[in-house]
Structures are given as structure tokens and as C-alpha cells.
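For reference, the structure is listed below as C-alpha cells.
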């Protein structure tokens, strides 16, 4: 049998060494030099990852004590934790509809705490049946053999109900390894009244349109604290994708491409022209706060934060993130996985639990109105989705499903904030 402690322990030693180097102070570099330095670090991360041996764990053939009990661990989440903890009657209704089946749900805190509990549990070989995790963890769980391929486990009638755009980012090596926990994605938040004031009837969808709108809505002031900026945050990742570029694949960093340089030049030009708030770059949450305070006219952030906008006094519109020649958006990183240890023995119970966790009891009208697009076709009929979100989700994708993505994403974030 494989040794999970070896893989987990060595992985976290690598992470500690990596983060120790990250916190060394660095001088500010010109943008293209900073991108080149980031590319070098990403390549080092990929090379180091490939040196770590991965031996998929082999589980002993043993029957679970209770094949009708599904142990479900979940971290803080706008839909799932709220529905289960604030509305226990929903779980009770599920139990009543499935007599003999028990959903043993356990809240394990914010992700920063949950990841520690999951790591310890993996090292001890004691895991739940189903868990809500962050997607950057998924590839490592796949390679170590901890999670089960769902196309071999769940019935086609359930799998086929998931929209292709929601399934595709969770497939690896020809298999589906997770289900989307929500339908959040990045969107452009914009002030409708400011757009209308400058003669526009629709939000920008391309780089040229975004620059034009940002320039028109930027109002300089001799006091920088009173300047109104056209734009808050514009993520490098979506900008790169829209130019036809990628960050990396499993073996190589790809940030030396013409597309990466073009994406960087576009973002830098917005800063140079004074169209972007200087404190918003690379920080979507702070940028959204500035937007809600009226300091920026547009910004990109997740629809997960849509509920924060409900009491704002100006009309807010939502649209896909503008790309080089059309819209592009990034999907949420919240996914549901099935641990393989007892997956086959609990197949029927796990199927029922996943149907519940991705179905109307969790993905309800409130969820749709608060920014989560239906990920299942059966939920999409007459769903009250705010204008712009459905189009953004239709034009969404996600990051490479590779083991070192969490460390790579940190490097990108650090580069974007400089």
C-alpha cells in the first residue's frame, strides 16, 4: 500500500521552503522584468513538483461500518454552509426522503482551518466520504489516488445534468473528479448611471471599449483621495486568456509568449494613463469596496460578493470580464470531491448526497439572485439570474488542473500587485 504520509509531508516541506523564499523583500522591477522573474519562479515550482514521487495510495478491501452513512466535511461557503447550518430543515427533509440513509455533516471552519484538518486526516488515512475543497487541491488529490473518478461512480442521469461549461474544468485524464459546488464566476461590476452619462447603453466587452469607458468615467482631482477612477481591478489571468495565452501546462511555464506580453502591456497602459485606482490592482475585494464607495466606476470581482451590493444607492450592472476581442470570465474554485476509500461500497448513499448538495435545496432562488448561476440544466428553468451573470458563466473557464497551481497562483498574485 502507498504511504500517504510521505507524499503529504514532502509536499508541505516544499511549500514551506517556497513560501520562505517568497517573503524575502525585493526591489520593484519594471513590469516586463517582473513578469520574466515570475515566469522563472513558476518554472522552478513546476520543476520541483516533478521531482516529488507520487505513489497512488492503494486502499485495503474492507467494508465500511455503515454503508448508508455519508460523512460530509465542509468549509465556510456562501451556499452550502449557509443552507446546512442556517436551515437544518433542509437536511431533515433530505433524510425524510431517504429513510435509512444518514448525512453526517461536519463543519470544519474557514478554508485556512479546514485545510489543516484535511491534511492531518490524509496523513492519518482517516478521511470523510465527501468534502467541499478548493480546486487548487484537486490535482494533487487525483494524483495521490485519494479521490474517486465520478464518471465511474455516479449514474449518467445525474452527470449529464451538469452543464458542460461547469464540468470541463473538473476533468483530468479523461475522467471527471469533482462536481461544482456553486456557479459563481468573475464579472465586471459597473455603475449603470455613469455608463449612461457618457452616452453608452451597454457595458464594455473588449479591451478597446474598456479603455474608452474607463477614460470617459475617470474624473481627476488635485486631491488624489477625491479622484474618481474608471477602473478598479482587472485580473491578469483573464486578460492573458483573452489574448490567447496560458500561464503554464504540467511541464512548462508559458509566460514568455507574445500573448503574455500583450496582456501585461494592456494592464500597464491603463495604470500609466491614470485610469486604474492605484490601491485596487491585484486586490479584487478592496477594489469592490472602492466601487461600492463610488471611488471607481467599474471593477472585476466574483459574483460571490453580489449580496454586498444590494443596498448600494446607485444602479449596478454586471457583465463578462472584457477581453481582447470578447468576453472571458474565471469560475469559482469551490468543488465537491468523493474520497475513494469507501466510494464503491457507499455508491448509492453518495449519489443521493451529491444530488442533494448540488440540487435545489442548496442551489435555490436565493442562491441565483445572489450570484450563483445554475450548474445543472434541471435548475436553469426560470431561474431568477441577475442580468449579465449567465452570459459571463457561458464564457467562463478555469485554471490548469495541475498539482502545483496553488503556489503558481501565489506568484501570479504577487506579480499582479507590484
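Quick notes on this structure:
- Entry note, the stretch 186-330: relative contact order of 41 percent, from Cα contacts under 8 Å with a spacing of 6+ residues.
- Going by neighbour counts of Cβ atoms within 10 Å, the residues 177, 229 line up, fewest first, as 177, 229.
- Relative to the dominant Cα principal axis of the chain, helix 258-272 is inclined by about 50°.
- Sorted peptide list for 201-207, 268-274, criterion being average Cβ within 10 angstrom, highest first: 201-207, 268-274
- The helix-only estimate of mean residue ellipticity at 222 nm for the chain, built from DSSP H runs of length n ≥ 4 each weighted as -39500 (n - 2.57), is -11500 deg cm²/dmol after division by the residue total.
- Here the spin labels are modelled as points 7 Å beyond Cα on the Cα-Cβ line, and at residue 201 and residue 369 they lie 3.0 nm apart.
- Note on residue 311/residue 86: beta-carbon distance plugged into 1/(1 + (r/R0)^6) with R0 of 22 Å gives a FRET efficiency of 0.65.
- Reciprocal mean inverse distance between Cα atoms of the stretch 71-133 - Kirkwood radius, Å: 12.5 Å
- Within the stretch 301-334, backbone nitrogen closer than 18 Å to the virtual label 7 Å beyond the Cα of residue 279 toward Cβ: none
- Across the stretch 186-330, Cα-Cα distances exceeding 17 Å account for 58% of all pairs.
- Relative contact order for the chain, counting Cα pairs under 8 Å that sit 6 or more residues apart, in percent: 25 percent
- Taking the DSSP beta bridges with both ends in the chain, the antiparallel portion is around 65 percent.
- Using alpha-carbon coordinates, inclination of helix 347-357 to the longest axis of the chain, degrees: 30 degrees
- For the stretch 146-168, the residues whose amide N sits under 19 Å from a probe point set 7 Å from the Cα of residue 377 along the beta carbon direction are 151-152, 154-168.
- Helix 111-124 vs. the chain, principal-axis angle (Cα, 0 to 90°, nearest 10): 30 degrees
- Over the C-alpha trace of the chain, radius of gyration and Dmax come out as 22.4, 73 angstrom.
- The peptide list 295-302, 145-152, 87-94, 169-176, put in order of mean Cβ contacts within 10 Å with the highest first, becomes 295-302, 145-152, 169-176, 87-94.
- For peptides 337-349, 233-245, sequence by mean Cβ density within 10 Å, most packed first: 233-245, 337-349
Bear in mind these aren't lab numbers, they're just calculated from the coordinates by the rules spelled out. Note that the coordinates shown come from a computational prediction; the quantities given were computed from them, not determined experimentally. Note that we place each Cβ from the backbone using ideal geometry, even for glycine, and neighbour counts take in every protein chain shown.
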